[in-house]
Structure formats: C-alpha cells, structure tokens
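Enquirer: Encoded as structure tokens, here's the structure I'll be asking about.
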Amino acid sequence: GLHEGGAVHLFAEGIAEHVVKADVASLYPSLMRTYQIGPACDRLGVLLSILSRLTDLRLSHKAAAKAAVPGSVEANTHDATQAAMKILINSAYGYMGAGSMALFADSRAAGEVTQRGRKVLSQVLDALRQRGMALIEADTDGVYFAVPTDWTEEQERALVDEIATELPGGIRLEYEGRYQAMFSHEVKNYALLTYGGQLIVRGVALRSSRAEPFGERFLRRALLSAMTNDITGLHDAYLETVTALRNRVVPAAEVGAKVRLSKTPEAYMASRGAHPEAQYEALLAAGRTRWFPREQVRYYRARNKKYIWLPEETDEASVGNDWEAETRTNGEEQGPVEHTESKFLGVAEHPQDVPAVPSHSEEIGNRRDYDVEHYLQVLVTSYAARLRKAFSAEDFEQLFRLDGQEGLFDRPVEDIQPRWIRCQETDNLKGTYS
C-alpha cells in the first residue's frame, strides 16, 4: 500500500540575507538503524545488518580520505568508495518503499521511517523558531534559514551544533553551508548567492531548457542585483534589455527558443490544422519535411508572425546526410518513390529534390527581423515575472513597466526594497553562540 512521504515546507517568499543550510545526515538510513526498522519479511535482519555494516565501512573510508594527503590516489580512492557506499546506504529505504515486486518491500515499515523523519525535522524547525531564526524552506532532511546579519560563521556552526545535541541518538544534524543571500520563489525553486559571488539557481520555475539567451542573461543579472539590494542596477538591466530589443541590437540567435520535438512529421501533420505549433512550423517553412522525435531545434518568431528555424552549424550537415542516406536506402531496397502528396513527409524521390538546408546558419542567427513586441512580452511574462515574489505588487509593476510612462504614485527606484525575510532581532540573540 501507499505510505506518506517526507515533509516539504515553504515558510517565506522573498529575499533573505545571511542564510544557513542545515542537513540531517542520511536521515532515513539513520532512523532505520537507530530504531531497527526493517521489512517484516526479512526475519533474518539481512537488510539492517548490511545497512549497519556499510555505514560503519563508509565512516572509516571517510576518515581515511580525510587523513590522507589531499588529492592523492589514496585520498581519491577512499573518497570514491565512501561515495559509492552512500548511494547503497540511501537506497535501503527505497527498497522498503518500493512496490510489492521489491524483495524488501514493506509499506508499513517505510511509513514508520517517514513518520519518524517528519518528527525529527519538526524538532529541528521548532528549535530554530524558538531561537528567533527566520525559516525559509525545509524538505525531508534539511532546512534553509536566515540568521542575524552580524553573525559569524562560528556562531552559525555553534547554533547548529547546539540543536544537534537535542536530537535522538544516532541522528546527526550537520552544518551544510552558508550563503550571502537567497531568493525564495516556490517550494524547491530558489536562487542562492554564495559569499564568493556565485549564483546558484534551483528548480524549473527559475530556469528552463528552452530559455531564450537574452532572457536568461537578463534574469541572471536581475537576480544578482535583487539579491544584493541593488534595485537601481536591476531596473537598469531591464531598461537596457528593452532598449536593445526595440533597437534590434539583439540578434535573432539570442531570442531563439530551444525545444525538443515530440511528434513525428506524420503525427504533426495530422493535428496541424487544429493545433499548429511554432517549432514544427519553423521547420516546414525552412523546407524541412522530415525530423525525428527528441531532436532539439531552435527557432524564433519573425515580425510577420512567421516562425524561423535557427539551424545549428552541425544541423546543416546532419540533416542533409539523413536525407541522403534514407533516399539511397529507399532507392536501393524499395525501388523508386512515388511523388505523391503523402510523400511530402516522407523521402524525396531524388537527392536533388531534397529541400536545401541553409548553409548560412550564422547569417540567419545574425538577422534582426524578429517580432519586437512579442519578445518584449516574453521578457516581462517569462523572465521578469519570476521576480514577482521578490517585491510588492506595486513595486514590481513600477520596475517592469513596458510603456515607459511614470505612474502617479511612483517613488524613486533607489527607495524600493525587496520583500525581506529576516529573523527576529531580539535582545536575547545579541552575543549568542559567540
């Protein structure tokens, strides 16, 4: 049967400074080992025995890797071994939570593990909350939270160590990392800024495989500005991108989207009348009547609302070779191909009938004939919109306005503040954990 999984919480949306990540090391395997939770069918206790042995061995390899000369063959060997063992150890719970086909399946035991895991996480969250920390996000075994702005790394570590002593035996709460800032957007969708200035983006809501390069570049710059409270810089990035699009400074290659095809030519032509799709229309307009599911293509929307294929340099050779190979195969093994309407999506009768793939992909990528108004809307709705939760509705509207008109209640951009996530600045926090 089904069992309840781990807990996931989103406590706050906005931007936090001085963020810490704490993590319960190997939570589920630790709970199984500490409370001897194993599958009922395993009367010999094989799974728990293997789990305990692997855990002990892994710890010894971790210690050996730490003691060895950094970068040496010995250190790398021990580290690789402990990493492999970690994968096996963490799969122990998965065996119990899997379906009835699994050898050690036991939904009741799996449910007990997750129930105890939720209790441990709740204990950690309560301890942080009682100490005035600002909770941001928590999942099965870890939590992000903001600490007072004047705290040092030593104070952060001391806090985590103190809470760790309150947890059940065998459960280890570890200090996993610290960050200059965090933008909390949605559950498991956030951006982190390290103290070294590196931007780390997590989750599909803040990144996309089909992202237009101009939008991706704007979003990274905007995130960095927002997370460092440089709202003027953020607004400048937006206005500069708008101006570049309006003046067609941005080349077509930078506005092109990349998608993975899912339909065969035959399947698309069957649904084309009712549901035309941009990526296939771009290929057809370029003379490509044959493609493969899972093939990745890039295209952009031109000012005449037509879609233009943006071939990669390798596409020019590979598409032509595919045509030539299959034409030869059909000619040799199946005889001549009839020239009928149905063959529009099939194979050309003669190689010379193959629609020419542009040999000037670079020239196409440098064009400036894209639909400016369309890409201005893309900038706002697909990229700037991802920062909506970083500001109040009024401030967001002022920062990312397209008409360029000042609003009656606008205020100086430098006075705009993000939606801050901050811990309680109470007197009992001053000097704590020093």
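Enquirer: May I ask you to sort LYS258, LYS66 by Cβ crowding, counting other Cβ atoms within 10 Å and putting the fewest first? Intermediate values should be presented prior to the final figure.
Expert: On the way: LYS258 17, LYS66 11.
Ascending number of Cβ neighbours within 10 Å: LYS66, LYS258.
Enquirer: Kirkwood hydrodynamic radius, computed over distinct alpha-carbon pairs, for the range 39-105: how many Å, to one decimal?
Expert: Working: mean 1/r = 0.0760 Å⁻¹.
About 13.2 Å for the range 39-105.
Enquirer: Put a dot 7 Å past each Cα toward the Cβ at GLN36 and GLN424; how far apart are the dots in nm?
Expert: Once both label points are built, they end up 4.1 nm from each other.
Enquirer: Hey, fewest Cβ within 10 Å first, where do LEU135, LEU283 land in order? It would help to have the intermediate numbers written out before the result.
Expert: On the way: LEU135 20, LEU283 23.
With the fewest neighbours first, LEU135, LEU283 line up as LEU135, LEU283.
Enquirer: What is the local net charge at ALA302, summed over the other residues whose Cβ is closer than 9 Å to its Cβ (Lys, Arg +1; Asp, Glu -1)? Don't jump to the answer; show the numbers that get you there.
Expert: On the way: positive: ARG301, ARG303, LYS305, LYS306, ARG367; negative: ASP369, ASP371.
Result for the neighbourhood of ALA302: +3.
Enquirer: So, R0 is 22 Å and r is the distance between the beta-carbons of ARG210 and THR243; what FRET efficiency does that work out to, to 0.05?
Expert: Efficiency for this residue pair is about 0.35.
Enquirer: Mean Kyte-Doolittle hydropathy of 0.5 or higher plus an axial Cα length of 27 Å or more: which whole DSSP H helices in the chain meet both?
Expert: On the way: long enough: 46-67 (32 Å, 0.55); 107-130 (34 Å, -0.55).
Those that pass (Cα extent of 27 Å or more, hydropathy at least 0.5) are 46-67.
Enquirer: Let me ask something additional. What is the spin-label model distance, in nm, from GLU312 to ARG272 if the labels are put 7 Å beyond Cα along the C-beta direction?
Expert: Distance between label points: 2.5 nm.
Enquirer: If you don't mind, there's one more thing I want to ask. Using a Förster radius of 51 Å, what is the FRET efficiency between GLN123 and VAL380 based on their Cβ-Cβ separation? Nearest 0.05, please. If you can, show how the numbers build up before the last one.
Expert: Details: r = 43 Å, r/R0 = 0.85.
Efficiency, from the Cβ-Cβ distance: 0.70.
Enquirer: How would ILE87, ILE37, ILE15 line up from fewest to most surrounding beta-carbon atoms within 10 angstrom?
Expert: On the way: ILE87 8, ILE37 22, ILE15 29.
The most exposed by this proxy come first: ILE87, ILE37, ILE15.
Enquirer: Looking at the chain, identify the longest residue range that excludes and avoids all chymotrypsin sites (Phe, Trp or Tyr not before Pro) in DSSP loops having at most 14 other Cβ atoms within 10 Å. Numbers along the way, then the final one.
Expert: On the way: sites that count: TYR35, TYR195, PHE409.
Here the longest segment lacking exposed loop sites spans 196-408.
Enquirer: Most fluctuating residue of GLU74, GLU13, GLU153 in a GNM of the chain with Cα springs under 10 Å: which is it?
Expert: Greatest mean-square fluctuation among the candidates belongs to GLU74.
Enquirer: Now for a different question. Pick from GLY407, GLY256, GLY365: which is most flexible by mean-square fluctuation in a GNM of the chain where alpha carbon atoms under 10 Å apart are linked?
Expert: GLY407
Enquirer: Please state the charge dipole magnitude for the chain, taken about the Cα centre, from unit charges on C-beta atoms (+1 on K and R, -1 on D and E), reported in debye and rounded to the nearest 20.
Expert: Details: 50 positive and 62 negative charges, 195 e Å.
Roughly 940 debye for the chain.
Enquirer: Among TYR307, LEU31, MET182, flag the residue with its Cα farthest along the positive direction of the charge dipole of the chain, charges on Cβ as +1 for Lys/Arg and -1 for Asp/Glu.
Expert: In the chain, that residue is LEU31.
Enquirer: Turning to a different aspect of this structure: In the structure displayed, which of LYS258/LYS306; LYS188/LYS389; LYS62/LYS119; LYS305/LYS389; LYS188/LYS263 lie more than 20 Å apart, Cα to Cα?
Expert: Details: LYS258/LYS306 16 Å; LYS188/LYS389 15 Å; LYS62/LYS119 28 Å; LYS305/LYS389 32 Å; LYS188/LYS263 31 Å.
The pairs that break the limit, which is 20 Å between Cα atoms, are LYS62/LYS119; LYS305/LYS389; LYS188/LYS263.
Enquirer: Please tell me the relative contact order of the range 1-106 in percent, rounded to the nearest whole number, where contacts are Cα pairs under 8 Å and at least six residues apart.
Expert: Details: 80 pairs, mean separation 28.4, N = 106.
Answer for the range 1-106 is 27 percent.
Enquirer: Please give the length that would be gained between VAL46 and ALA75 if that part of the chain were fully extended, namely 0.36 nm times their separation in residues minus their C-alpha to C-alpha distance (nm, one decimal).
Expert: Numbers: separation 29, 0.36 × 29 = 10.44 nm, distance 3.07 nm.
Taking 0.36 nm per residue and subtracting the Cα distance, the gain is 7.4 nm.
Enquirer: Please provide three numbers in whole Å: the alpha-carbon extents of the chain along the principal axes, with the largest listed first.
Expert: 77, 68, 48
Enquirer: Counting only C-alpha contacts under 8 Å and six or more residues apart, can you give the relative contact order of the chain as a whole percent?
Expert: Working: 662 pairs, mean separation 87.8, N = 434.
Dividing the mean separation by the residue count of the chain yields 20 percent.
Enquirer: Another question, then. With a point put 7 Å past each Cα toward its Cβ, work out how far SER107 is from HIS9 in nm, to one decimal.
Expert: Label-label distance for SER107 and HIS9, simple model: 2.7 nm.
Enquirer: Got a sec? Charge dipole of the chain, +1 on Cβ for Lys and Arg, -1 for Asp and Glu; which of VAL19, THR152, ALA102 is way out at the positive end?
Expert: Selected residue: ALA102.
Each value in this text was obtained by applying a stated rule to the coordinates, not by laboratory testing. Since the structure is predicted, the reported quantities are computational estimates derived from the model, not experimental observations. Virtual Cβ from ideal backbone geometry, glycine too; neighbours counted across all protein chains shown.
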